[in-house]
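Some notes on the structure that comes next.
The values are calculated or read from the model by the stated rules, or taken from the named source; none is laboratory data. In this text, all values refer to a predicted model and were calculated from it rather than measured experimentally. Don't worry about glycine lacking a Cβ; one is built from the backbone with ideal geometry, like all the others, and counts go over all protein chains shown. Note: areas computed on protein heavy atoms with side chains; ligands, DNA, RNA excluded. Shrake-Rupley method; radii C 1.70, N 1.55, O 1.52, S 1.80 Å.
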Amino acid sequence: MNIQAMMKQAQKMQKDMLATKEIDSMNFEGKSSFVTVTVNGKKELVNIKIDTENLENDDIEMLQDMIVVAVNDAMKKVDAETEKKMGKFTQGMPGLF
């Protein structure tokens with residue numbers, strides 16, 4: 001491998017790392033009925049909002065299910081953004097992201 005090819009590969013890797021850092025700093029919101037969750041690009045749960053006006057005492061089990069749905073919705077958005085930003089760098093390398 002010549003030096004020029006190595007430099008191009010290093011520049012590509014640097015761009016890949018910048019795109020990853022950009023995604024990590026973004027927030028993604030997932031919703032389900034009266035639950036809204038926010039996760040960051042690292043897939044860490046940042047915030048949970050519950051619309052208590054529509055919540056009754058016997059709805060706790062349903063609330064738990066809604067939180068799961070909302071978190072999964074937000075995680076899918078992280079995956080979609082990662083694929084959108086990183087897909088052009090990982091073409092031909094399935095399963096990398």
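Worth a mention:
- Residues in region 11-27 that are under 11 Å from Glu81 (Cα atoms) and not in a helix (DSSP H, G or I): Met26, Asn27.
- For region 1-10, the candidate set comprises residues that are modelled with pLDDT of 75 or more and open to solvent by 100 Å² or more (accessible area, probe 1.4 Å); within that set, the residue that is farthest from Thr82 (Cα to Cα) is Ile3.
- Answer residue from region 64-79, given it is of a type in the set (Val, Ile, Thr) and either touching a Gly at 6+ places or on another chain (Cβ under 9 Å) or open to solvent by less than 70 Å² (accessible area, probe 1.4 Å) (or both) and is farthest from Ile50 (Cα to Cα) among those: Val78
- Of the residues making up region 28-52, those that are loosely packed, with under 14 Cβ neighbours inside 10 Å and within 21 Å of Gly87 (Cβ to Cβ) number 1.
Conditions (1) modelled with pLDDT of 85 or more; (2) among the acidic types (Asp, Glu); (3) not in a strand (DSSP E or B), marked per residue:
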position: Lys31; (1), (2), (3): yes, no, no
position: Lys43; (1), (2), (3): no, no, yes
position: Asp59; (1), (2), (3): no, yes, yes
position: Asn72; (1), (2), (3): yes, no, yes
position: Lys77; (1), (2), (3): yes, no, yes
position: Glu81; (1), (2), (3): yes, yes, yes
position: Gly92; (1), (2), (3): no, no, yes
position: Phe97; (1), (2), (3): no, no, yes
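- Residue match in region 58-69 (condition: in contact with a strand residue (DSSP E or B) (Cβ under 7 Å, 6 or more places away or on another chain) and either closer than 29 Å to Gly87 by Cα or of a type in the set (Val, Ile, Thr) (or both)): yes
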